[in-house]
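Here the structure is laid out as structure tokens; the discussion comes afterwards.
The values are calculated or read from the model by the stated rules, or taken from the named source; none is laboratory data. Model, not experiment: these values are computed from the prediction. Here the Cβ positions follow ideal geometry from the backbone for every residue, glycine too, while neighbour counts run over all protein chains shown. Only protein heavy atoms, including side chains, enter the accessible area calculation; ligands, DNA and RNA are left aside. Shrake-Rupley method; radii C 1.70, N 1.55, O 1.52, S 1.80 Å.
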Amino acid sequence: MTRAYEEIIDFIAGGTSPDAVAAFRPSDGARQRVADLIESKKTSSLSADEADELSHYLEVEHIMRLAKARARQHLP
């Protein structure tokens, strides 16, 4: 299974523009995976790998929010 945050990393690594950064949205599959991890964290417990995956996703997602804000400053 591809970890949800790898999609964001692939997007950045592929090169991009301010327009593309501002418009980026994770796939439905990635969003569902993160929602599942969050739900599992609330209702039961996560394995160490799942907790690590969620933590990494949240860190990368925070960076993407900052990048989107910065990209919007470069748009006309």
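Descriptive notes on the structure:
- When the range 29-76 is filtered for residues that are closer than 12 Å to residue 8 by Cβ, open to solvent by 70 Å² or more (accessible area, probe 1.4 Å) and either touching a helix residue (DSSP H, G or I) at 6+ places or on another chain (Cβ under 7 Å) or of a type in the set (Val, Ile, Thr) (or both), only 63 remains.
- For the range 15-28, taking the residues that are touching a helix residue (DSSP H, G or I) at 6+ places or on another chain (Cβ under 9 Å) and closer than 24 Å to residue 55 by Cβ, the one that is surrounded by the fewest Cβ atoms within 10 Å (Cβ to Cβ) is identified as 25.
- For beta carbons closer than 7 Å, sequence separation of 6+ or different chains, a first residue in the range 58-70 that is within 19 Å of residue 30 (Cα to Cα) and a second that is surrounded by 11 or more Cβ atoms within 10 Å (Cβ to Cβ) and at pLDDT below 90, the qualifying pairs are 60/5; 60/8; 60/9; 64/8.
- Residues that are part of a helix (DSSP H, G or I) and in contact with a helix residue (DSSP H, G or I) (Cβ under 6 Å, 6 or more places away or on another chain), drawn from the range 1-14: 4, 5, 7, 8
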